[in-house]
Each structure stands twice: as C-alpha cells, then as structure tokens.
Amino acid sequence: MIGLIVARSKNNVIGKNGQIPWKIKGEQKQFRELTVGNVVVMGRKSYEEIGHPLPNRMNIVVSQSANYSGENLITVGSFQEAIKVAGKADIYVSGGYGLFKEAIPIVDKMYITEIDMDIKDGDVFFPEFDKEEFTIAVGETAGEDIKYTRMIYTRKR
C-alpha cells in the first residue's frame, strides 16, 4: 500500500518559510498512528525540518544532493527507488511538494488533514489532483482553538 499523509490549510498551504505553519495539539497523532512500524518517505527539506529520523519506523529520504544514513534511515535518489527499497512494507509519503506531486498518481490512499485556517504568504502548496479518482470519507473533527478535519481519499479501482 502506498499512502500519502499531509495537513493543509483551507487555502491549500502546506509550508511557509521552510516550516509547517501551525502547531495544533493532537494534530500529528494520526501521523504517528499510521506510520509507526511502516516506511516514511520524505524529501530532503522535509527531513531537515524534522532534523532526525522518526523513531520506530524506516525513514527513506529522497535526495539528489545529500546523503543521510543511520539506524532506520537511508537516502535514495528517487521516489521509484524508495518504493523498491521499501519492498512489501506500507509506505507513507510525507512531503514535500515534489514527492506529493509524484506520488498522487499512484497512491492507494491519501490521509489529508484539513486545517480550518487560511495561511497568508504560504510558499508551499499541496498539488492539485482530480477528486473524482477517489472515494472520500470524512473522519473526525477535532482541535480546541483551531479545528481540523481528517479526510481519507481512497483511490477508486
């Protein structure tokens, strides 16, 4: 299974000045639940923002310019290579824009958290995609000061 997991604002922003532009208590819980014990594929900038391998899962960084290695951490040169390295494990693509754009045509599921806010001056956006290719399920809505809703997009086969 190839999945994609992302949080985006109402105006489709996923990044601003090299960072996720919100900190919402509990918002990243689903990310941990889905990815622990599986494979997380991310680009170099996403990895550098985190600054370390995520524990209890294989971290594959796609980069042409850097090489990271360590416990549960490897670097590959392409998304296709990441898929090969992951083998039969469940894969969760976690950013950034370039990997999302490359993954959308082949993902089985997209876990998209819709953040109930508009981000001014965002500089990274989630790629456009054809919603008609997916069955959409609305999950929980949560958050105290800032609400968010979990959406699951499952590819129609």
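The values are calculated or read from the model by the stated rules, or taken from the named source; none is laboratory data. Keep in mind the model is a prediction, meaning the values are calculated, not measured. Don't worry about glycine lacking a Cβ; one is built from the backbone with ideal geometry, like all the others, and counts go over all protein chains shown. Please note that ligands, DNA and RNA were not included when accessible areas were found on the heavy atoms of the full protein model with its side chains. Shrake-Rupley method; radii C 1.70, N 1.55, O 1.52, S 1.80 Å.
In a strand (DSSP E or B), of a type in the set (S, T, Y) and free of Cβ contacts under 8 Å to residues at least 12 places away in the same chain: which single residue out of T135, T141, T149, T113 fits that description? Please lay out each step first, then the result.
Values: T135 fails: free of Cβ contacts under 8 Å to residues at least 12 places away in the same chain; T149 fails: free of Cβ contacts under 8 Å to residues at least 12 places away in the same chain; T113 fails: free of Cβ contacts under 8 Å to residues at least 12 places away in the same chain.
From the options T135, T141, T149, T113, the qualifying one is T141.
Are any residues in the range 1-28 in a strand (DSSP E or B) and in contact with a strand residue (DSSP E or B) (Cβ under 9 Å, 6 or more places away or on another chain), and if so, which ones? Spell out the reasoning first.
Taking the range 1-28 first, the residues in a strand (DSSP E or B) are 2-9, 13-16, 19.
Result: I2, G3, L4, I5, V6, A7, R8, S9, V13, I14, G15, K16.
For V13, all conditions in the list (1) under 19 Å from G122 (Cβ atoms); (2) open to solvent by 20 Å² or more (accessible area, probe 1.4 Å) hold save one; what is the number of the exception?
(2)
Hey, does the range 31-39 have a residue that's of a type in the set (A, V, I, L, M), touching a helix residue (DSSP H, G or I) at 6+ places or on another chain (Cβ under 6 Å), surrounded by 18 or more Cβ atoms within 10 Å (Cβ to Cβ) and assigned to a strand (DSSP E or B)?
Taking the range 31-39 as the starting set, the residues that turn out to be of a type in the set (A, V, I, L, M) are 34, 36, 39.
Retained after the next criterion (residues that are touching a helix residue (DSSP H, G or I) at 6+ places or on another chain (Cβ under 6 Å)): 39.
Next, from what is left, pick out any that are surrounded by 18 or more Cβ atoms within 10 Å (Cβ to Cβ): 39.
Subsequent filtering for residues that are assigned to a strand (DSSP E or B) retains 39.
Yes, because at least one residue in the range 31-39 is of a type in the set (A, V, I, L, M), touching a helix residue (DSSP H, G or I) at 6+ places or on another chain (Cβ under 6 Å), surrounded by 18 or more Cβ atoms within 10 Å (Cβ to Cβ) and assigned to a strand (DSSP E or B).
Go through the range 66-99 and count every residue that is open to solvent by 60 Å² or more (accessible area, probe 1.4 Å), more than 19 Å from M110 (Cα to Cα) and at pLDDT 95 or above.
To start, the set of residues in the range 66-99 that are open to solvent by 60 Å² or more (accessible area, probe 1.4 Å) comprises 67, 69, 71-72, 80-81, 84-85, 88, 97.
Now restrict to residues that are more than 19 Å from M110 (Cα to Cα): 67, 69, 71-72, 81, 84-85.
So of that shortlist, the ones also at pLDDT 95 or above come out as 67, 72, 81, 84-85.
Counting residues in the range 66-99 that are open to solvent by 60 Å² or more (accessible area, probe 1.4 Å), more than 19 Å from M110 (Cα to Cα) and at pLDDT 95 or above gives 5.
Criterion first (surrounded by 13 or more Cβ atoms within 10 Å (Cβ to Cβ) and of a type in the set (V, I, T)) does V138 satisfy it?
Working: surrounded by 13 or more Cβ atoms within 10 Å (Cβ to Cβ): no; of a type in the set (V, I, T): yes.
No.
What are the residues in the range 40-65 that are open to solvent by 40 Å² or more (accessible area, probe 1.4 Å) and either under 14 Å from the mean Cα position of the chain (by Cα) or of a type in the set (D, E, K, R) (or both), if any?
Here is the first cut: in the range 40-65, the residues open to solvent by 40 Å² or more (accessible area, probe 1.4 Å) are 44-45, 48-53, 55-56, 58, 64-65.
Those that are open to solvent by 40 Å² or more (accessible area, probe 1.4 Å) and either under 14 Å from the mean Cα position of the chain (by Cα) or of a type in the set (D, E, K, R) (or both): R44, K45, E48, E49, I50.
For the range 104-157, which positions are β-branched (V, I, T) and touching a Pro at 6+ places or on another chain (Cβ under 7 Å)? If you could, list the steps in order and put the result at the bottom.
Here is the first cut: in the range 104-157, the residues β-branched (V, I, T) are 104, 106-107, 112-113, 115, 119, 124, 135-136, 138, 141, 146, 149, 152, 154.
Answer for the range 104-157, where residues must be β-branched (V, I, T) and touching a Pro at 6+ places or on another chain (Cβ under 7 Å): I104, I119.
Scan the range 74-106 for residues that are in contact (Cβ under 8 Å) with a residue 24 or more places away in the chain and part of a helix (DSSP H, G or I) and jot them down.
Of everything in the range 74-106, those that are in contact (Cβ under 8 Å) with a residue 24 or more places away in the chain and part of a helix (DSSP H, G or I) turn out to be F79, A82, I83, V85, A86, Y97, G98, L99, F100, K101, A103.
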